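Trainee: Pasting in a structure now, in structure tokens, and then I'll have a few things to ask.
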Amino acid sequence: MKYSITRLALTMAALVVFACEPSLALTRQTNTNRNSSIKSEMKQSGKEVKEAGKSLGGNMKRGRVARGGKNFGKHMYRAGKHFGKGSGKAAKKTGTAVKKAAKP
């Protein structure tokens, strides 16, 4: 009898601990976007272009043309994505500044 009561108590305690853990883990995340500034987006774009060339060159050297093209395309896609985000943020920031300056 003592064994089954102890086992039931430990099972209930484990369920309570595991049920409360995910809610605590979700509240710890504060920064969702690591690349928030214009400058960092543009830098990341350049890094991706560099990786594109490296991956293409390394794969071509070993005779893997198709794999090199695939990796090159993936890196160039990411580079364009970062560049687009950065230029979009810059245009929005500039447009806001011009709009406020143009008011009489």
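The values are calculated or read from the model by the stated rules, or taken from the named source; none is laboratory data. For clarity, every value in this text was computed on a predicted model and none was experimentally measured. Note: ideal-geometry Cβ built from the backbone for every residue, glycine included; neighbour counts use all protein chains shown. Calculation scope for accessible area: heavy atoms of the full protein, side chains included, ligands and nucleic acids excluded. Shrake-Rupley method; radii C 1.70, N 1.55, O 1.52, S 1.80 Å.
Trainee: Please arrange I5, I38 by accessible surface area, largest first, computed with a 1.4 Å probe and ligands excluded.
Mentor: Per-residue accessible area, sorted high to low, gives I5, I38.
Trainee: Assuming 0.36 nm per residue, please report the length gained on full extension of the stretch A9 to R64 beyond their Cα-Cα distance.
Mentor: Values: separation 55, 0.36 × 55 = 19.80 nm, distance 6.00 nm.
Full extension from A9 to R64 adds 13.8 nm.
Trainee: Note down the nm distance, to one decimal, between modelled labels 7 Å out along Cα→Cβ at K92 and at K2.
Mentor: 6.6 nm
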